[in-house]
Amino acid sequence: MKNYIDFVADASWNTLKGLWVTLKFLFLPSITVQYPTEKIVPYPRFRGMLAYDAELCIACGMCVRACPSRCIALAKAAPPPAPPPAADGQPAAPAVKAGPKIEWYTIDYGRCNFCGLCEESCPTKPKAVWHSLDYEAVFSTREEMVRRWKRGDGPWGTVKRSADAQPSAISDQIHIQDMPVRK
Amino acid sequence: MTEETIKPLSEPVYNHAHGRLLLPGTRYWPTDMWKSPWSLPTYRRGAAVLAGLITGGAAAAWFVGEIGPRLAPLYAAAEAFALSHDIPAFWISVVWTFIKGAILLLAPLVNALFAVWWERKISAHIQSRLGPMYVGWWHGALQTLADGIKLFLKEDIIPDCADKLVHTLAPIVVVIPAIIVFAPVPFGSGLVFADIDIGTVYVFAVGGVSVMGIIMAGWSSGNKFSLLGGLRSAAQLVSYELPRTFAVLPVIMLAGTLNIAEIASSQAGYWGGFVPRWFIFYPVVGQVAFIVFLIASVAETNRVPFDIPEAESELVAGFNTEYSGMKFALFFLSEFAYVLLSCLLMASFFFGGGAAPLPFLDFLPSWAWFLSKTLLLMFCFLWFRWTFPRFRVDRLMDFNWKFLLPVSLLNIAAGGLLIWLIS
Ligand code: SF4
Ligand code: SF4
């Protein structure tokens, strides 16, 4: 009889404890995010879509070599015109340190595994290629997976749309933030 | 860009698109959408909304006032109109009954619309989710309506090996008792469809008929999951009917009547001016009877933790596995109708029906108190559902026969003792 009463008391107490937990959670804020209108910012270490700065890149090709998936390709720009030969008795004109050294630069997201090695190997400061926090990567064709950059294209580059097969800016795809995080 | 632009929100802001507050400390994208002059700290806002709803409802109830006593003059006027136009008074009573019946029919329907939404919201918030947010203007308020329309448009599938007649009949057999069972149940003083003297017996008798429908559904579907569900349901409902009825016996003994409205009104008055004379406040007997009745009612309505007839993880959906579209909706409707019925019964058996909890609060009409007590009890049903895991079949029977039944029987004896002590 004592066992029975103990059992009943114990069960009732545990029941009340359970009810208290759910009641507490009922009034705690929920953690769901209403995605299209509310977006969570990933932590700075997050490796999202790659961003690239054509003005900074020195076209050294380190990222191409570092990439295990071989998804980066680039072409160096033609070197700036050589300074005119020094006239007699005058010092040679200093070499012109002109503009970007890159002709074009592409990253194929169809192969990229977001390992971050390209960013790690980039020698410029700040990095010329780096992982942003953008996780809204949507592609409808394989061609769209190739991001390409030329001079003045901004960090997100352009992409060849399937509709008109013309390279177009992908600004409409980047809603998450205006500028990527740089480390 | 630097860390500053994605720093956590420093103060709570209101997301207009979803009517939802974002807490400080959460890391969200800095979007203009959340900048709002209406920003208020979360809990202040929630409390304000709740307080607004309650005071608004109370004010509306106070404005409308008692409905019950107004019906008699209305009926008299209709009768006078009939006499002056040579219509037999008999027809007036027939029409009157039909009107009352139509209003009564609305009770389970409106209740289902509301309760399904409420249940989804409560379940979501207990699990730190949000639940329906899009349909309707406020927090998915019209979600159930949209779901109802969807169910109406769905194909009605009758499986090949089902017994077609019984399969079609089963939801009808379930839902008709679930509606007519409301006849003797009061919704406030004077608001009762059929003021019959054996109301309690009627409710338990008619409510028991729905078990037939569930067994029919299980048997006729030609599916072993359905059959198992139907059989489990039969075993469960028949066993839990006993403690449920026994739990009410002390109440009936104390009130001295079987008429539900009279049981409710016999609890009027206050001990010492402030403790209401509700049966739940009778020492020991009242509380035990209430708890046994509550547990048995949860079991009777096939809800978690007593949902073995439709245990999703074991039996697909139990007896309604093979039902689709509106037939499925009928089962759902009757489930929530029985939840409402249990809450109404508990409100009138144990919580004094339409009586105000404190003497100075009785400026609100009885139907408002009835409604709020019913909703509070219904909240308990939903709360249990999202707290407890399902019983195992044998433990379910153990719990009934080894705990609820002896306790309710002892409680009847204790009730007798109490009456002897009082008199
Ligand atoms: S993240 Fe890794 S796989 Fe992707 S481009 Fe950079 S180095 Fe290649
Ligand atoms: S992105 Fe960096 S590593 Fe790659 S070519 Fe440019 S400077 Fe070199």
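Key figures
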read-out: Most to least packed among A:139-149, A:11-21 [average Cβ atoms within 10 Å]; value: A:139-149, A:11-21
read-out: Loop sites in the stretch B:230-312: trypsin sites (Lys or Arg not before Pro), DSSP, at most 15 other Cβ within 10 Å; value: B:R277
read-out: Shielding by other protein chains, B:396-406, mean Cβ within 10 Å; value: 1
read-out: Average accessible area per residue (Å²) across the stretch B:154-422 - probe 1.4 Å, nucleic acids and ligands excluded; value: 40 Å²
read-out: Packing-based order for B:286-293, B:403-410, using average beta carbon neighbours within 10 Å, highest first; value: B:286-293, B:403-410
read-out: Student exercise, the stretch B:154-422 dipole from Lys, Arg, Asp, Glu Cβ charges, in Debye to nearest 20; value: 460 debye
read-out: Added length on full extension, which subtracts the Cα-Cα distance from 0.36 nm per residue, B:L83 to B:I419; value: 116.0 nm
read-out: Protection proxy ranking of B:349-355, B:191-197 - average other beta-carbon atoms within 10 Å, highest first; value: B:349-355, B:191-197
read-out: Cα→Cβ-extended label distance, 7 Å offset, between B:L109 and B:I196, nm; value: 2.3 nm
read-out: Dipole axis of chain B (+1 Lys, Arg; -1 Asp, Glu on Cβ), positive-most option in B:T321, B:T301, B:I54; value: B:I54
read-out: Rounded to the nearest 10 Å², the accessible area of B:M326 at probe 1.4 Å; value: 70 Å²
read-out: Interchain or long-range residues, amide H under 5 Å from B:L191's placed H; value: none
read-out: Helical mean residue ellipticity (222 nm; -39500 (n - 2.57) per DSSP H run of 4+; nearest 500) of chain B; value: -20500 deg cm²/dmol
read-out: Entries of B:K100/B:K327; B:K100/B:K373; A:K76/A:K150; B:K164/B:K224; B:K100/B:K150; A:K24/B:K373 with Cα pairs more than 18 Å apart; value: B:K100/B:K327; B:K100/B:K373; B:K100/B:K150; A:K24/B:K373
read-out: Where B meets A: accessible area buried, both sides, 1.4 Å probe, Å²; value: 2900 Å²
read-out: Surface share of carbon and sulfur [accessible, 1.4 angstrom probe, percent] for chain B; value: 74 percent
read-out: Heavy-atom accessible area per residue - the stretch B:79-147, 1.4 Å, Å²; value: 58 Å²
read-out: Rg and Dmax of the stretch B:114-215, Cα atoms only, in Å; value: 18.5, 50
read-out: Inter-chain shielding of B:325-338 (mean C-beta neighbours from other protein chains, 10 Å cut-off); value: 0
read-out: Value of relative contact order over the stretch B:154-422, rounded to a whole percent, pairs C-alpha under 8 Å and six or more apart; value: 26 percent
read-out: Peptide-level mean, for B:125-134, of C-beta atoms on other protein chains within 10 Å; value: 4
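The values are calculated or read from the model by the stated rules, or taken from the named source; none is laboratory data. Given the structure is predicted, the values throughout are model-derived calculations rather than measurements. Cβ sites come from the backbone with ideal geometry, for glycine too, and all protein chains shown count toward neighbours. Just so you know, the surface numbers come from the protein's heavy atoms only, side chains and all, with ligands and any DNA or RNA stripped out. Shrake-Rupley method; radii C 1.70, N 1.55, O 1.52, S 1.80 Å.
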